[in-house]
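Working notes, beginning with the structure itself.
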Amino acid sequence: MKSLRIYGARDLRMSDETIPTPGPGEELIQVTAVGLCGSDIHWYSEGGIGSNTIERPLVLGHEFAAVIAAGPRKGTRVAVDPALPCMECESCQEGNPNVCPNVRFAGHAEVDGAMREYMTWPSHAIFPIPDNLSFAGGTLLETLGVAMHAINLGPITPADKVAVLGCGPVGLLTIQMARLAGATRIFATDRIASRLEMAGDMGATDLLLADDASGEAAAISKATAGRGMDVVYEAAGDPAAVETAVRACKAGGRVVLIGIPVEDRTSFTASIARRKGLTIMISRRMKHTYPRAIDLASSGKVDLKSLVTHSFTFGDFDKAFQTAVKRTGIKVILDLQS
Ligand SMILES: [Zn+2]
Ligand SMILES: [Zn+2]
């Protein structure tokens, strides 16, 4: 089978490997589509993410759909949860598996991900998807889970006014979830005009091309007659967006940080956050959202399909990564079936 490994920054190599054998409780799956995530782009362009660096040639890919390739469920179309928390540590026992220190995560550290034709994975983290959900859509369920968890942290009360800063895949799905949660005003910002346009299609009521933090915050405040937003979701991973979030939030409001900062540091003007008594929350992955995410997508409540703007064959992986780095589209996927 073909397998794609990253050896260092901008060094991806495809090679032939043997098809793995499932261990106890695992199933063999044939990967059909893999999405390129912002974190994969960090690995690709910087050779690492935060304090993590590549220690061995690693198969990336944690946003993926597949078909079960053997056993009683053979032929079942599935989405796969890339996170395997231990379920035994204090965090897991307390109901916070998203911060499990022993988590095994596809495409990270010693766990190979989905940019290969076959892989094995525990059955309990493999979820059947209905026929009306495409494999391309299936790759976005992990991202949808991230947005759902961020909304839960908010949380949004009906008729809240919210801002979503950054309209990449997570931001766009946060906008859709905010609309479903009953927000009446959804103010979206991004540095890329085409992303803002899509934000409008997905339910944002106000669109602003991001330039400088104080100007943006003033524009957002103006939309609420100076009051500020009930909840601000920062999904840009950009220090300027964190500053905007703090400035655009109402006194007593909530700021949810979802983005991954490039410089691995988050800062904002303390006096503004302090005087407003803001609650600042940092969102980490998700909590068992797959069944609900599948339900939202297959019932048409959430549009995943429109987010997939680029699809490449597996052999065209270089083009796929370069396209994702340029951020011209929204979601780039590798289609392993074509
Ligand atoms: Zn991801
Ligand atoms: Zn644990």
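Taking every residue in region 95-106 that is within 17 Å of residue 125 (Cβ to Cβ) and pairing it with any residue that is within 7 Å of ligand 2 (Cβ to nearest atom) and among the small types (Gly, Ala, Ser), at least 6 positions away or on another chain, the pairs with Cβ-Cβ distances below 8 Å are 97/91; 100/91. Here residue 247 fulfils each of the conditions (1) buried (at least 18 other Cβ atoms within 10 Å of the Cβ); (2) within 16 Å of the chain's Cα centre (by Cα) apart from (2). Residues of region 248-304 that are touching a residue at least 12 places away in the same chain (Cβ under 8 Å), more than 30 Å from residue 227 (Cα to Cα) and among the polar types (S, T, N, Q): 289, 298. The condition of being surrounded by fewer than 21 Cβ atoms within 10 Å (Cβ to Cβ), more than 30 Å from residue 249 (Cβ to Cβ) and within 16 Å of ligand 1 (Cβ to nearest atom) holds for only one of 79, 70, 125, 106, that being 125. The lone criterion from (1) in contact with a Leu (Cβ under 6 Å, 6 or more places away or on another chain); (2) within 16 Å of ligand 2 (Cβ to nearest atom) left unmet by residue 140 is number (2).
On the basis of being touching a residue at least 40 places away in the same chain (Cβ under 8 Å), within 16 Å of ligand 1 (Cβ to nearest atom), under 17 Å from residue 145 (Cα atoms) and surrounded by 14 or more Cβ atoms within 10 Å (Cβ to Cβ), does residue 84 make the cut? Judged against the criteria, residue 84 is a match.
Within region 103-132, how many residues are part of a loop (DSSP other than H, G, I, E, B), hydrophobic (A, V, I, L, M, F, W, C) and more than 18 Å from the chain's Cα centre (by Cα)?
Residues flagged as part of a loop (DSSP other than H, G, I, E, B), hydrophobic (A, V, I, L, M, F, W, C) and more than 18 Å from the chain's Cα centre (by Cα) within region 103-132 amount to 2.
Summed over region 142-177, the residues that are in a helix (DSSP H, G or I) and among the small types (Gly, Ala, Ser) give a count of 4. Need pairs with beta-carbon distance below 7 Å; first residue in contact (Cβ under 8 Å) with a residue 60 or more places away in the chain and under 25 Å from residue 259 (Cβ atoms) and within region 17-40, second within 16 Å of ligand 1 (Cβ to nearest atom) and among the charged types (D, E, K, R); sequence gap 6+ or separate chains. Once the first residue is in contact (Cβ under 8 Å) with a residue 60 or more places away in the chain and under 25 Å from residue 259 (Cβ atoms) and sits in region 17-40, its partners that are within 16 Å of ligand 1 (Cβ to nearest atom) and among the charged types (D, E, K, R) give 34/63; 35/63; 35/331; 37/63. When you check residue 298 against the structure, is it out of contact with any helix residue (DSSP H, G or I) (no Cβ under 6 Å at 6 or more places or on another chain) and within 21 Å of residue 199 (Cβ to Cβ), yes or no? For residue 298, the condition - out of contact with any helix residue (DSSP H, G or I) (no Cβ under 6 Å at 6 or more places or on another chain) and within 21 Å of residue 199 (Cβ to Cβ) - is not met. Of the residues 125, 150, 114, the single one that is within 15 Å of ligand 2 (Cβ to nearest atom), in contact (Cβ under 8 Å) with a residue 40 or more places away in the chain and under 24 Å from residue 295 (Cβ atoms) is 125. Residues in region 218-227 that are under 26 Å from residue 158 (Cβ atoms) and either under 23 Å from the mean Cα position of the chain (by Cα) or surrounded by fewer than 22 Cβ atoms within 10 Å (Cβ to Cβ) (or both): 219, 221, 222, 223, 224, 225, 226, 227. Taking the listed residues 272, 330, the one that is of a type in the set (A, V, I, L, M, F, W, C) and at pLDDT below 95 is 330, with no other qualifying. Restricting attention to region 177-217 and to residues that are surrounded by 24 or more Cβ atoms within 10 Å (Cβ to Cβ) and among the acidic types (Asp, Glu), the residue that is nearest to residue 273 (Cα to Cα) turns out to be 216.
The values are calculated or read from the model by the stated rules, or taken from the named source; none is laboratory data. All values reported here derive from a predicted model rather than from experimental measurement. Cβ sites come from the backbone with ideal geometry, for glycine too, and all protein chains shown count toward neighbours.
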